[in-house]
Amino acid sequence: MKLFSERKGIESPKLVQSEDMDQPLRNKLWSVFYDHFFELLFDCDDMIGHPTALSNHVSRQLRWLWVNLLNNTSDSYPSDEDCVKAVRRVFLGDRWDKVYSAVEVCLTRIEDPDLVSAANAVLEHENSGYRIVAGKVTDIISPQEIHEVEQAASAAPPPVRTHLDAAVRYLSIAEKRDYRNSIKESISAVESLCRLAGGTSLEEGLRQLKKKIKIHPALEQAFIKLYGYTSNKGGVRHALTEEQNVSSAEARFMLVCCSAFVNYVRASLADGGETLNLA
């Protein structure tokens, strides 16, 4: 939503913040994490009425951040209040990529959809080039695409989910972004799904799936060709072609496309009372 100053042309709209982070974004992102993350630590329902247990719970979580986020030694832990202040300094003053890394570290300690939703709303409002998907800060994709990836990453069979999680990780800024390997992992998720269907390869697996669910021939051929796109001349996936220009757009497309297919297969099998071989 454009505010008055932007509508009147008095204040220019923000450019996408890709390799930087202005102070309003820092402030709002910290406020979200303070309100959701740290308040939840200090207001754990299971420990209300047990102040000692609550205090120990808070200290354990904050001590973990002191060591694993702030890279300090455990025996130098100051106090809960000082630890929160130290994390605050990261959000408000550290290098932009360190802030996003801190976001990811914090998300490993708590599962709160409201926190992720609020953080993504801030990222969108402040025109950040990133969103939180499956616990990772990734290059921007639409809410619909985020839904497909989140659903596949959370509900797919374990071997498929492992590949999707890796594809997201390779897109995350906490890692050195690796679009080539993200694409490999995305198509490997589909290949893994096809193997669970009884095939020894993606193509054979698709044929097996067609015995259980409806897969249009054009869709079948599309995934066979996408598989070929990520393969060498022999048709077996070892590495992408030697061309170096693999873009974030290609990686995002493959992740969303493969996630959507995983969701489609899973839902179609469930509708028909069919299952995959998870043995």
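The values are calculated or read from the model by the stated rules, or taken from the named source; none is laboratory data. Note that the coordinates shown come from a computational prediction; the quantities given were computed from them, not determined experimentally. Methodologically, a virtual Cβ is constructed for each residue, glycine included, from the backbone with ideal geometry; neighbour enumeration extends over all protein chains shown.
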query = Consider LYS211 against the criteria (1) charged (D, E, K, R); (2) in contact with a Pro (Cβ under 9 Å, 6 or more places away or on another chain); (3) in a loop (DSSP other than H, G, I, E, B): it satisfies all of them except one. Which criterion is unmet?
reply = (2)
inquiry  = Given (1) surrounded by 17 or more Cβ atoms within 10 Å (Cβ to Cβ); (2) at pLDDT below 90, identify the lone condition not met by PHE253.
reply    = (1)
query = In the range 59-73, what residues are part of a helix (DSSP H, G or I), modelled with pLDDT of 90 or more and polar (S, T, N, Q)?
reply = ASN68
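Looking for whichever is surrounded by 12 or more Cβ atoms within 10 Å (Cβ to Cβ) and at pLDDT below 70 here; the options are ASN232, ASN245. Which one fits? Before the answer, list the steps.
Working: ASN245 fails: surrounded by 12 or more Cβ atoms within 10 Å (Cβ to Cβ).
Exactly one residue qualifies, and that residue is ASN232.
Could you please give the count of residues in the range 141-163 that are touching a residue at least 40 places away in the same chain (Cβ under 8 Å) and not acidic (Asp, Glu)?
10
Criterion first (among the hydrophobic types (A, V, I, L, M, F, W, C) and touching a residue at least 60 places away in the same chain (Cβ under 8 Å)) does ALA166 satisfy it?
Details: among the hydrophobic types (A, V, I, L, M, F, W, C): yes; touching a residue at least 60 places away in the same chain (Cβ under 8 Å): no.
Taking the combined requirement at face value, the residue does not satisfy it.
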